[in-house]
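Structure record follows, encoded as structure tokens.
The values are calculated or read from the model by the stated rules, or taken from the named source; none is laboratory data. Fair warning: this is a prediction, and the values are worked out from it, not measured in the lab. When we count neighbours, we look across all protein chains shown, and the Cβ atoms used for this are built from the backbone with ideal geometry, even at glycine.
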């Protein structure tokens, strides 16, 4: 099994038919374990039970960026290697990425609520996620604007790559803008210093959500391939010579 | 009547299908509103005070920019010729197209207002006030913008020219829309006065817009 | 029913396209407007359709429906096909039938008449130029109007489609209709010629 085998949409369909149930099962099991562990994790001495939002928020936030990375690689595949599945992968990933980003926003705002007293604060992290969300929506709008997916693919690929270069710049600018106005970010998360009681459920959840993405992404790619086949069949039907009346 | 219903259904359908612009307006609205704090600073008290004005400006620009193709698309593919030759009065056909545009592009802006209100630190009552004024005021924006869209067809120019033509016409709507929202939030003015004037502006534009647009389309025949 | 124009003058962009133009056509008759490019064939059709303001002269319809204007009793088939690519073939046709009112025909029959039954549910975007042309011809059948104003109707149509279209025009004329067509190519039906713009 090589990359060129995968390039064939028919083989991709038959391969994913076999592995998708396993992936979905693994995702469900890991999510169940992760959620149980998250519920059982101790309350934080400062934040109380609200800290448990972290177990949902952090994987979503991580995936919101990871999905853009996946789309960037797929975009390179479209522009440079002309891989036939690359734009399918890029198109299928965008709504999923947007959904993860949206969840990161909602959970972030719920998490911040007890600390800020409002659902929204122009906090550097959350603001960056919000801009990422807008970029996802723009990308989806671009895919939707053109009926012919192969024509939309190149435009979307260029936009995705420009976005990939721009996201760090935006992130830096937003951080700078934010520190200009308020010295410290409210939401602090110790990286390696995080307690083991929190770290393990968080890692499990991160893996579970990543698997969830892979499952959803493969399923969405299958849908997209089938949608394009349907379109091709419809065009074939349109070009038929009718029986003359 | 069934002719107008058919026109409204068709325009909404096109707006919601692939290539239609209904949701791009909301996205534009969202983006403009999100940009404001970067210019003003993230001070929640300040944003809360300016919130109604920001939301109104965003809605104004969003509803204007999506109007661009209101008649242009029908002109380009020849549909406008057939509409002109129909038994439906052109004024009513224009009104139906504007109504369809408002339903597909204006109503989503109002639906998005609570989310954006939250970003701008508006409380529930203030957000409801802004949404109510937008509900009363956006028809005026669409129906006066329609005049510009009709002129754009006859001049074969769209985009910025349309904005330059229509923005001054929408100043009264902006004034009373923001005034009514602010009155509801902070006082001291009563909410009723500016809101009534806003409704009056909308009603007047419902009459003036279709006639002006139809006249402009008729005289711009080529 | 008799359609006649006298002393027609048309000015486009400061240039006089034609002046003193006379024409007449009676029910059951096809008038083929011929002439070189720029002679004003399209302008004449759009004048009759009321899509262009007249710079002189008059167009009269005797024996039509007195309640309706000339334009409301006419179909105009222009270069552009007035169909939305995002809508399906049937949706496009049903819309025009509902919007134009009058006595609508069954959309499925109209599509069958122009050989588009197989594409009824497909988006109009998937149609070829000739098929789009046939779809706009189906619009002429979907709502009955006595006067057909056709601008280069046979362009983009292949030989088989031209024969179908000739049959539809013959049926329209037999039903008391009237056709004014601007054309370079032969229409495929007996037609009186109106030559404008001098030598071609």
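Which of the residues spanning segment A:71-97 are farther than 12 Å from residue A:140 by Cα, modelled with pLDDT of 90 or more and surrounded by fewer than 21 Cβ atoms within 10 Å (Cβ to Cβ)? Matches in segment A:71-97: A:72, A:73, A:76.
For segment B:146-160, does any single residue satisfy the condition of being in contact (Cβ under 8 Å) with a residue 60 or more places away in the chain and within 14 Å of chain A (Cβ to nearest Cβ)?
So in segment B:146-160, the residues in contact (Cβ under 8 Å) with a residue 60 or more places away in the chain come out as B:146-155, B:158-159.
Now restrict to residues that are within 14 Å of chain A (Cβ to nearest Cβ): none.
No.
Summed over segment C:53-64, the residues that are within 13 Å of chain B (Cβ to nearest Cβ) and either surrounded by 18 or more Cβ atoms within 10 Å (Cβ to Cβ) or within 15 Å of the chain's Cα centre (by Cα) (or both) give a count of 0. Across segment C:122-133, a minimum of one residue is classified as under 20 Å from residue C:167 (Cα atoms), more than 14 Å from chain B (Cβ to nearest Cβ) and free of Cβ contacts under 8 Å to residues at least 24 places away in the same chain. Do we find a residue being in contact with a helix residue (DSSP H, G or I) (Cβ under 7 Å, 6 or more places away or on another chain), more than 9 Å from every other protein chain (Cβ to nearest Cβ) and either closer than 28 Å to residue A:146 by Cα or at pLDDT 90 or above (or both) anywhere in segment C:104-113? There is at least one residue in segment C:104-113 that is in contact with a helix residue (DSSP H, G or I) (Cβ under 7 Å, 6 or more places away or on another chain), more than 9 Å from every other protein chain (Cβ to nearest Cβ) and either closer than 28 Å to residue A:146 by Cα or at pLDDT 90 or above (or both).
Tell me, which residue of segment C:66-80 that is under 15 Å from residue C:43 (Cα atoms) and more than 7 Å from chain B (Cβ to nearest Cβ) is nearest to the chain's Cα centre (by Cα)? Even if it seems obvious, please write down each step before you answer.
Of the residues in segment C:66-80, the ones under 15 Å from residue C:43 (Cα atoms) are C:71, C:76-80.
From what's left, more than 7 Å from chain B (Cβ to nearest Cβ): C:77, C:79.
Numbers: C:77: 4, C:79: 10 Å.
Step by step, filter segment C:66-80, then rank; the result is C:77.
Could you count how many residues in segment C:81-93 are more than 8 Å from every other protein chain (Cβ to nearest Cβ) and under 19 Å from the mean Cα position of the chain (by Cα)? Number satisfying all stated conditions: 2. Taking the residues in segment B:20-36 that are free of Cβ contacts under 8 Å to residues at least 40 places away in the same chain and facing another protein chain (nearest Cβ under 8 Å) as candidates, determine which candidate is nearest to residue B:72 (Cα to Cα). Ranking the qualifying residues of segment B:20-36, first place goes to B:27.
Here is a yes/no grid of residues against (1) under 23 Å from residue B:13 (Cβ atoms); (2) in a helix (DSSP H, G or I); (3) touching a strand residue (DSSP E or B) at 6+ places or on another chain (Cβ under 9 Å):
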residue: C:68; (1), (2), (3): no, no, no
residue: C:80; (1), (2), (3): yes, no, no
residue: C:98; (1), (2), (3): yes, yes, yes
residue: C:118; (1), (2), (3): yes, yes, no
residue: C:121; (1), (2), (3): yes, no, yes
residue: C:131; (1), (2), (3): yes, yes, no
residue: C:164; (1), (2), (3): no, yes, no
residue: C:171; (1), (2), (3): no, yes, no
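Of all the residues that make up segment C:12-52, how many are within 19 Å of residue C:79 (Cα to Cα), within 11 Å of chain B (Cβ to nearest Cβ) and over 17 Å from the mean Cα position of the chain (by Cα)? The qualifying residues number 1. Between B:169, B:90, B:165, B:109, the distinction of being in contact with a helix residue (DSSP H, G or I) (Cβ under 7 Å, 6 or more places away or on another chain) and either over 30 Å from residue B:38 (Cβ atoms) or within 13 Å of another protein chain (Cβ to nearest Cβ) (or both) belongs to B:90 only.
Within segment B:3-19, the set of residues being farther than 15 Å from residue B:79 by Cβ and facing another protein chain (nearest Cβ under 7 Å) comprises B:17, B:18, B:19.
Collect the residues in segment B:164-185 that are over 14 Å from residue B:60 (Cα atoms) and in contact (Cβ under 8 Å) with a residue 24 or more places away in the chain, keeping them in residue-number order.
Looking only at segment B:164-185, we keep the residues that are over 14 Å from residue B:60 (Cα atoms), and these are B:179-185.
Hits for segment B:164-185 are B:180, B:181, B:182, B:184, B:185.
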